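See structure below.
Quick note: the coordinates plus some simple rules give every number you see, no bench work behind them. Predicted model only: the values in this text are computed from it and were never measured. Here the Cβ positions follow ideal geometry from the backbone for every residue, glycine too, while neighbour counts run over all protein chains shown.
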Amino acid sequence: MRIGLGQFNSVVGDLSGNCERMRGIYEQAVRAGVELLVFPELAVCGYPPEDLLYKKSFLRDSRLAVENLAAECPGTTIVAGFAEECCGNKYNAAAVLRDGRISCIYRKGMLPNYGVFDEQRYFSAGGEAVVIDVGAAAVAITICFDIWNIDWLAGFLDASGNIDMVVNISASPFHMGKIAKREETIGRCAKRLRCGVAYCNLVGGQDELIFDGRSMLCDSSGAVVAKAAAFDEDLLIADIDVSRRGGAEIAVVGTPAEQPGDVLDEIYEALVLGTRDYTRKNGFEKVLLGLSGGIDSAVTAAIAADALGAENVVGISMPSKFNSAETRSDAEKLARNLGIEFLEIQIETTLAQFDEALKTFKGWDTKGLAYENLQARIRGCILMSLSNQAGLLVLTTGNKSETAVGYSTLYGDTAGGFGIIKDVLKTVVYQLAERINAKAGREIIPPAVITRAPSAELREDQKDSDSLPDYDLLDEILKGYVEEDKSARELIESGLPDEIVRKVIRLVDRNEYKRRLCPPGIRITPKAFGKDRRLPITNRYDSGKSTG
């Protein structure tokens with residue numbers, strides 16, 4: 001049996017566009033002699049469709065799109081994910097297309113309902129296994145989370161007889177370290193069921209989520225034989241020999257795709273893909289961002305230029321009297337190194353005019369936090385006005401460390417449409433800066449930007465360390481508290497300083513309201529702010545005082 005795994009970049013709701021991409025892959029597969037062509041989970045309608053699933057017209061159109069796809073692609077057996085309504089229930093389904101029609105439908109049995117997954121909100125669980133014959137091979141159809149509970153799956157398929165191959169169509173979002181967990185899960189499934197596993201994953205950016213592709217084939221020993229491209233579309237083809245029951249020998253046709261070198265490369269590729277897809281899929285051609293001469297805006301600009309082309313990125317420097325000559329110069333150097341358009345708009349006169357107007361309010365002065373934040377808000381207003389005028393998407397430049405503790409200004413540096421590094425800790429931002437220069441083999445981000453002590457430059461001689469712990473310590477606390485759900489007590493018992501741990505936790509909890517008002521951004525960790533971590537704004541539980 002020759003199998004093809006057609007991972008592609010689907011768009012939620014673009015039924016005709018997704019099917020057109022699938023037809024193109026089908027034509028390529030037929031030319032290559034593929035007998036079973038597999039597409040990802042909910043490939044026809046895109047993943048996750050969220051409350052579109054409450055629209056009956058969406059479900060009807062999804063079914064019609066599958067029927068049309070079957071009629072237009074009669075030359076081989078196809079497995080394609082779609083959203084189905086049947087007998088008053090909604091299902092996450094896989095249609096088997098043969099001879100120009102829907103031959104049968106498998107309905108997902110295990111519905112994840114944690115983190116970014118809300119499938120029990122929308123779908124009913126299926127209860128019947130589907131096994132199809134492709135040539136001499138008996139192939140069981142499964143969907144994503146089905147294979148993550150191997151005991152359930154083994155029982156579910158127990159009455160199906162001997163199975164030569166499990167096909168799993170998936171929409172598994174990326175986060176750091178996810179690929180190792182996937183490979184372990186798929187290998188465990190193959191060994192337990194004593195058959196090959198063909199795993200076809202989605203690729204592309206959908207709002208905050210990144211799907212990294214890396215569809216794979218695993219033989220019956222649990223060994224991964226080949227993986228498709230990471231963060232890109234691909235058609236992985238292999239010949240499966242199932243002449244020996246209880247085993248599957250797999251020979252890949254062609255050369256398997258090159259994989260990212262390490263976790264930092266994965267993060268960078270995810271950020272590039274997420275930026276490109278969010279921008280393009282939402283109808284923007286160009287982006288705009290403030291260039292401060294600092295590390296965050298530098299890394300954001302570099303990623304944007306890689307994702308969209310330097311000609312589609314505009315950097316704006318907006319200095320006041322507090323911005324040093326060095327940071328202003330570095331902002332311009334960065335723009336020149338990237339080849340992006342660069343403008344400087346002075347805000348000193350505007351700041352003075354705002355200050356004069358605000359003096360009508362008793363108590364206004366130029367010495368407090370409000371005056372510092374006013375500068376950020378003027379900059380946000382400039383960027384949003386230019387966006388409004390020219391139709392450019394504004395990129396925010398805040399990182400996860402700052403977002404976590406509220407070290408940002410509402411309607412200032414948080415103003416914009418998309419946050420590229422929203423889920424990237426500050427220490428990782430520095431690592432990305434060094435990797436960007438290393439990959440380019442030349443200076444992209446000026447060395448001084450990487451080595452200079454970080455500062456918001458909203459008052460004389462300001463440094464981030466005036467308000468925050470050292471970023472190495474801060475990020476260690478944030479990783480434990482936010483991403484690993486550790487309590488204050490657990491963090492302190494691990495050796496972290498008591499007073500700083502409790503202060504950071506209070507800051508994180510207190511600034512939930514700010515995070516709700518920030519734009520969406522790319523998810524790269526197992527627990528990003530937003531869908532992964534949903535806490536009430538009005539909340540008097542003091543995690544910093546917890547004894548648990």
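Remarks
- Seen from ASP212, the other residues with C-beta closer than 11 Å to its C-beta sum to a net charge of +1, counting Lys and Arg as +1 and Asp and Glu as -1.
- Amide hydrogen neighbours beyond the local backbone of SER172, cut-off 5 Å, H modeled: LEU202
- Taking amide H atoms as placed 1.01 Å from N in the peptide plane, the amide H of VAL314 lies under 5 Å from those of VAL287, LEU288, LEU289, each 5 or more residues away in sequence or on another chain.
- Fraction of beta bridges assigned by DSSP in the chain that are antiparallel (%, nearest 5): 60 percent
- Here the relative contact order of the range 264-464, from alpha carbon pairs under 8 Å that lie six or more residues apart, stands at 24 percent.
- Over the chain, the pair-distance histogram of Cα-Cα distances with 10 Å bins from zero comes to 3, 17, 25, 23, 17, 10, 4, 1, 0 percent, rounded to whole numbers.
- Sorted by Cβ density within 10 Å, fewest first, the residues ASP423, ASP158: ASP158, ASP423
- Burial ordering of SER124, SER160, fewest other beta-carbon atoms within 10 Å first: SER160, SER124
- Whole-angstrom gap from the range 405-457 to the range 362-397, using each part's C-alpha centre: 19 Å
- Shape index of the range 217-266: Rg/Rh, with Rg the Cα radius of gyration and Rh the Kirkwood radius from the inverse mean 1/r over Cα pairs, equals 1.06.
- Amide H within-cut-off set for ILE445, under 5 Å, with H built and near neighbours excluded: ASN437
- Shown here are the Rg and Dmax of the Cα trace of the range 264-464, at 16.4, 56 Å.
- Bridge type composition, the range 2-253 - antiparallel percent by DSSP, nearest 5: 70 percent
- Measuring between their Cα centroids, the range 325-360 and the range 187-220 lie 47 Å from each other.
- Taking the centroid of alpha carbons for each part, the range 222-271 and the range 498-513 are 43 Å apart.
- Cα long-axis angle, helix 426-440 against the chain (0 to 90 degrees, to the nearest 10): 70 degrees
- What the Cα atoms of the range 8-136 give is an Rg and a Dmax of 14.3, 41 Å.
- The reciprocal of the average 1/r between distinct C-alpha atoms defines the Kirkwood hydrodynamic radius, which for the range 92-245 equals 16.0 Å.
- Counting only Cα atoms, the size of the range 418-548 along its three principal axes is 50, 31, 30 Å, in decreasing order.
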